[in-house]
């Protein structure tokens, strides 16, 4: 993510965002993702936010690299023992066959639609063959800014499936939900775990 306005919102609201997911146990989706990884898996938490998911993965024995474009979010994530966190954009995904899993939970939805194919190809390249890729996005069409000024790209299940397949992934079953995020608005979302 390189949208300055979106990053500024996360820098300013870091403590509010950290309170959105205070649970001391992973969500069902994250627990299922972790359970499907090999022991000692190396995982990239892409758009890690305050490191909530990274913390759960480290506790489960994963080796976690955490990236986020927000310096304030990285400040929180890097304070978690066992998490290697650094400030970086989606364009800084590098490496070939180094990760057992990539967790992109409501992060890539901030990338412009035109950039998504490039990001998905880089993620596929960074994953080991058969590696797992979790992605969650808000459901819909088009691109827009929310009431806080954050940029969002919305996806239908069909479009997201097509983009993942174009990047070389095989796509698993979808999960759906509706939640209230930082803006306070209830919105529909979809998530899926794909295989490299």
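Read-outs: derived from the displayed coordinates by stated rules, not from any lab. Remember, it's a predicted structure, so these values are computed and weren't measured experimentally. Here Cβ is always computed from backbone atoms with ideal geometry, including for glycine, and neighbour counts include all displayed protein chains.
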>> Contact order normalised by length for the range 6-102, with contacts defined as Cα pairs under 8 Å and 6 or more residues apart; what percent is it?
In response: 29 percent
>> Given 10 °C and 1.306 mPa s, compute D for the range 78-149 with the Stokes-Einstein relation, Rh being the Kirkwood radius over Cα pairs; round to the nearest whole µm²/s.
In response: 114 µm²/s
>> Between 143, 81, 157, where does the largest GNM mean-square fluctuation fall for the chain, given springs only between Cα atoms within less than 10 Å?
In response: 81
> Among the DSSP beta bridges whose two residues both lie in the range 123-196, what percent are antiparallel, rounded to the nearest 5?
Replying inline: 95 percent
>> For the chain, I need the span (max minus min coordinate) of the C-alpha atoms along each principal axis, in Å, sorted largest to smallest.
In response: 40, 38, 29
> Cα atoms only, the range 134-196: Rg and Dmax in Å?
Replying inline: 12.5, 36
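Tell me the mean residue ellipticity at 222 nm calculated for the chain from its helices only (DSSP H runs of n ≥ 4, each -39500 (n - 2.57), averaged over every residue, nearest 500). Kindly include the intermediate steps, with their values, before the conclusion.
Values: 7 runs with 58 residues, N = 196.
Only helices count here, giving -8000 deg cm²/dmol.
When a footprinting reagent is the concern and you count Cβ atoms within 10 Å, what order do 195, 56 take, fewest first?
Working: 195 16, 56 22.
With the fewest neighbours first, 195, 56 line up as 195, 56.
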> Percent antiparallel among DSSP beta bridges with both residues in the range 4-195, to the nearest 5?
Replying inline: 50 percent
> Relative to a virtual label point 7 Å from the Cα of residue 182 in the Cα→beta-carbon direction, which members of the range 109-153 show backbone nitrogen distances below 18 Å?
Replying inline: 109-112, 136-139, 144-153
>> Taking the number of other C-beta atoms within 10 Å as the exposure measure, put 29, 52 in order starting with the fewest.
In response: 29, 52
> Which order results if 90, 106 are arranged by neighbouring Cβ count within 10 Å, fewest first?
Replying inline: 106, 90
